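Worksheet for the structure shown next.
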Amino acid sequence: MRAIDGGPVLQYVDGVSLMAGAANVIMQLSWPAVGYGVMESKVESGRLLDHPIKRSRTTLQFLAVASLGTEDEKRLFRRGVNRAHAQVRSTDESPVEYNALDPELQLWVAACIYRGFEDTHRVLRGEYTPAQREYYYQKGAVFGTTLQVKEEMWPETRDAFEEYWQASLKKVHIDDRTREHLDFIARAKFAHPLTAKLIGKTNLFITKGFLPQEFRDQMHYTWTVKDQKRFDRMMKVIATVNRRMPTVLREFPYNYLMTDLRWRLRTGRSPI
């Protein structure tokens with residue numbers, strides 16, 4: 001699947017890659033300014049714990065429009081996100097200072113999103129060739145530019161990105177309050193109680209599996225050699241099934257989300 005403007009952003013659109021979503025949220029919110037910005041957000045309609053379906057739709061639609069949308073669709077979606085982010089600022093009572101429109105914070109979020117797509121591609125499809133890795137890395141800048149990140153802020157090469165990533169890990173700190181919030185997400189407790197009971201344990205295991213060790217340590221999660229072998233076996237089965245699925249099913253829910261977004265824009269509804 002290709003974006004209408006600018007060629008392919010992702011080599012493959014695999015809906016099953018969303019199984020790593022909670023791990024990616026943990027990575028994003030591991031910067032205290034991002035974590036507390038989310039937890040203290042005054043945008044009530046966008047809180048995951050209060051409106052899990054709407055919040056999930058908005059987050060996934062961002063990934064869909066950044067990857068597959070036209071420049072005009074990205075612009076309109078960015079405008080909607082900006083209106084919400086403009087309300088997210090720290091107060092005198094906040095433990096850390098934050099502003100959701102800060103490009104540096106958004107660069108970190110975009111970097112986590114890109115890293116997440118790269119990690120899930122490796123699990124589902126195998127390693128990129130060096131040329132492919134650089135090509136799709138350059139395309140990954142769209143995850144930032146669909147927010148407030150200027151294109152020149154995106155590290156120039158994949159090697160430069162790795163330097164940025166390693167330096168940024170020094171800012172990672174998950175305190176007790178943030179850890180409790182993120183563990184709640186990892187266990188899918190924001191979902192309907194029956195759903196949480198059915199998938200919570202598995203979701204936590206998959207989340208741990210996709211987390212780099214630095215983040216597992218911050219979350220106080222244990223991970224053994226036996227866990228890694230079990231995770232690898234599980235991912236091998238999922239990857240095999242995924243590759244054999246019909247395209248329309250393999251690309252779900254991204255294809256549905258783009259259809260929904262275009263309907264919302266066409267009928268004058270808010271994109272978020």
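The values are calculated or read from the model by the stated rules, or taken from the named source; none is laboratory data. Just so it is clear, the structure is predicted and the values come from calculations on it, not from any experiment. Don't worry about glycine lacking a Cβ; one is built from the backbone with ideal geometry, like all the others, and counts go over all protein chains shown. Keep in mind that these areas ignore ligands, DNA and RNA; they rest on the heavy atoms of the full protein, side chains included. Shrake-Rupley method; radii C 1.70, N 1.55, O 1.52, S 1.80 Å.
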Q | Selection within the range 3-23 - open to solvent by 20 Å² or more (accessible area, probe 1.4 Å) and either modelled with pLDDT of 85 or more or under 16 Å from Arg187 (Cα atoms) (or both) | A | Val16, Leu18, Met19, Gly21
Q) Take the residues of the range 191-200 that are free of Cβ contacts under 8 Å to residues at least 12 places away in the same chain and assigned to a helix (DSSP H, G or I): which is most open to solvent (accessible area, probe 1.4 Å)? A) Lys197
Q) Which condition breaks for Ala100 when tested against (1) aliphatic (A, V, I, L, M); (2) without any contact (Cβ under 8 Å) to a residue 40 or more places away in the chain; (3) in contact with a strand residue (DSSP E or B) (Cβ under 8 Å, 6 or more places away or on another chain)? A) (2)
Q. Looking at the range 259-272, which of its residues are assigned to a helix (DSSP H, G or I) and of a type in the set (Lys, Arg)?
A. Arg262, Arg264, Arg266
Q | Near pairs, Cβ below 9 angstrom, 6+ apart or cross-chain, from the range 165-183 (without any contact (Cβ under 8 Å) to a residue 40 or more places away in the chain and under 19 Å from Lys208 (Cβ atoms)) to any residue that is open to solvent by 30 Å² or more (accessible area, probe 1.4 Å) and among the basic types (Lys, Arg) | A | Asp183/Lys189
Q. Counting just the residues of the range 164-190 that are more than 18 Å from the chain's Cα centre (by Cα) and over 19 Å from Ala111 (Cβ atoms), which one comes out surrounded by the fewest Cβ atoms within 10 Å (Cβ to Cβ)?
A. Asp176
Q: Sort out which residues of the range 214-258 are assigned to a helix (DSSP H, G or I), β-branched (Val, Ile, Thr) and loosely packed, with under 12 Cβ neighbours inside 10 Å, and write them in order of number.
A: Val225, Val237, Thr240, Val241, Thr247, Val248
**Q.** Residue in the range 67-102 that is nearest to Gln11 (Cα to Cα), counting only those that are open to solvent by 50 Å² or more (accessible area, probe 1.4 Å) and in a helix (DSSP H, G or I)
**A.** Glu71
